[in-house]
1. Considering only the range B:27-65, state which residues are over 20 Å from residue A:43 (Cβ atoms), within 27 Å of the chain's Cα centre (by Cα) and exposed (fewer than 12 other Cβ atoms within 10 Å of the Cβ).
2. With the requirement that a residue be within 14 Å of chain B (Cβ to nearest Cβ) and either under 21 Å from residue A:192 (Cβ atoms) or in a helix (DSSP H, G or I) (or both), what does the range A:264-300 give you?
3. If you scan the range B:101-147, which residues turn out to be within 17 Å of residue B:66 (Cβ to Cβ), assigned to a helix (DSSP H, G or I) and in contact with a strand residue (DSSP E or B) (Cβ under 6 Å, 6 or more places away or on another chain)?
4. Given the residues B:81, B:44, which is the only one that is outside any strand (DSSP E or B) and either at pLDDT below 80 or in contact with a helix residue (DSSP H, G or I) (Cβ under 8 Å, 6 or more places away or on another chain) (or both)?
5. Looking at the structure I just gave you, is residue B:66 part of a loop (DSSP other than H, G, I, E, B), at pLDDT below 85 and either away from chain A (no Cβ under 14 Å) or in contact with a strand residue (DSSP E or B) (Cβ under 6 Å, 6 or more places away or on another chain) (or both)?
6. Looking at A:230, A:255, which is the one that is more than 21 Å from residue B:27 (Cβ to Cβ), away from every other protein chain (no Cβ under 14 Å), surrounded by 23 or more Cβ atoms within 10 Å (Cβ to Cβ) and within 20 Å of the chain's Cα centre (by Cα)?
7. Tell me, please, whether a residue that is within 14 Å of chain B (Cβ to nearest Cβ), within 30 Å of residue B:43 (Cα to Cα) and either modelled with pLDDT of 90 or more or part of a helix (DSSP H, G or I) (or both) can be found in the range A:17-30.
8. Which condition number in (1) exposed (fewer than 15 other Cβ atoms within 10 Å of the Cβ); (2) assigned to a loop (DSSP other than H, G, I, E, B); (3) within 14 Å of chain B (Cβ to nearest Cβ) is the one that residue A:51 fails?
């Protein structure tokens, strides 16, 4: 009986997290288009609903109605599997994200996360890397040259930046003394957020995160101008939307991770923890959109040079300095 | 001697460290753009004013009694280059002339404005209405009733 109640609780929590995140994912496409438009002195979607707010629904209906195509040269199994890998890994990451401090509802304590893994941050890094298989396999299996180059770029880029990202995270683990995301948030309880204690790691993590997300200035895998959309060029209909949902879901997860690791998670005065968490996450998402509207794309060799020659040594140096400071 | 200035690539490499300030400047610039006035005109609701001399949809003018000024002399139909105007004149016993029928084929019309210039009675003019749409060719054969009120054909969205 206790087990059943536990299962029910978990089920409800999964449903709530899933639907909230899906709504955020859908409307962050609207937010992105409106903000990009505003930066370029235009409006963006304005026609569907008040201020274009129903645009994501219209887009969803449209992509359901589109024809599903399967290229002749494609590796059929992998071609269908790739978007599924993309979206499922992106959604899996939501499991460990702590949305707020535990609250008590009707005498029972409700935790605001789905699972508090002992090795939460390792889990995140591992699953996030798996997500790049979606882009990689999708590009390769579609049997298209552009797609293949996009997939190649995705794999090379993600592998190089994964490393520096992990190094940035290690310094956080060192000062917080915990691998669990909840533990990391709780270690920032004195109001001294990790972005102040570890500014270099913060910048490194942010840059590497942008590269992991395939966002401008690191959007080489889907460089529209050169690759005609890159790894997802052969995808249509819902398979294409799955890639895009995965991308925006990753964006949300990235915002949540930056909030958790560097911006003090749910900590903040007056307002309840969940509200603070979402405010900070939206701040990060806003910055991602803002910098997308600002920066041009890297050249491929510049991207590699930045990853291996700048970020990696900086990450290592940061760990050494952190270690020395902790020793003293 | 060759006095051309030597550009040292190695010295330009050192400027790489100065890239961060321009990046931040770019961010400030886009943030300013974000809050500045948009240049887009949301078309059917807001529209850019056209020139007073714009040659758009025709209007058959009426006098203070609501009667057509046109005396059906046929000069406009004669001067019309694509022959878009056709009319049936009618003369009463007292000598008043007016058109029984007056058609302008708005598809054939090239909007040159010659009809306006040829008219001895200042009975026809070209208005600033430029965005009338319809579904069939027959709808765009404008008769007297339609030509009296060209403003009704401004596009207002769905």
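The values are calculated or read from the model by the stated rules, or taken from the named source; none is laboratory data. Remember, predicted model here, so these are calculated numbers, not experimental data. Cβ coordinates were reconstructed from backbone atoms using ideal geometry, including for glycine residues, and neighbour counts include every protein chain displayed.
1. Once the filter is applied, which keeps residues that are over 20 Å from residue A:43 (Cβ atoms), within 27 Å of the chain's Cα centre (by Cα) and exposed (fewer than 12 other Cβ atoms within 10 Å of the Cβ), the range B:27-65 yields B:49, B:51, B:52, B:53, B:63.
2. Listed by number, the residues that qualify are A:283, A:286, A:287, A:288, A:289, A:290, A:291, A:292, A:293, A:294.
3. Of everything in the range B:101-147, those that are within 17 Å of residue B:66 (Cβ to Cβ), assigned to a helix (DSSP H, G or I) and in contact with a strand residue (DSSP E or B) (Cβ under 6 Å, 6 or more places away or on another chain) turn out to be B:144, B:147.
4. Values: B:44 fails: either at pLDDT below 80 or in contact with a helix residue (DSSP H, G or I) (Cβ under 8 Å, 6 or more places away or on another chain) (or both).
The unique qualifying residue is B:81.
5. So residue B:66 fits the description; yes.
6. On the way: A:255 fails: more than 21 Å from residue B:27 (Cβ to Cβ).
One residue alone meets the criteria, A:230.
7. no
8. (2)
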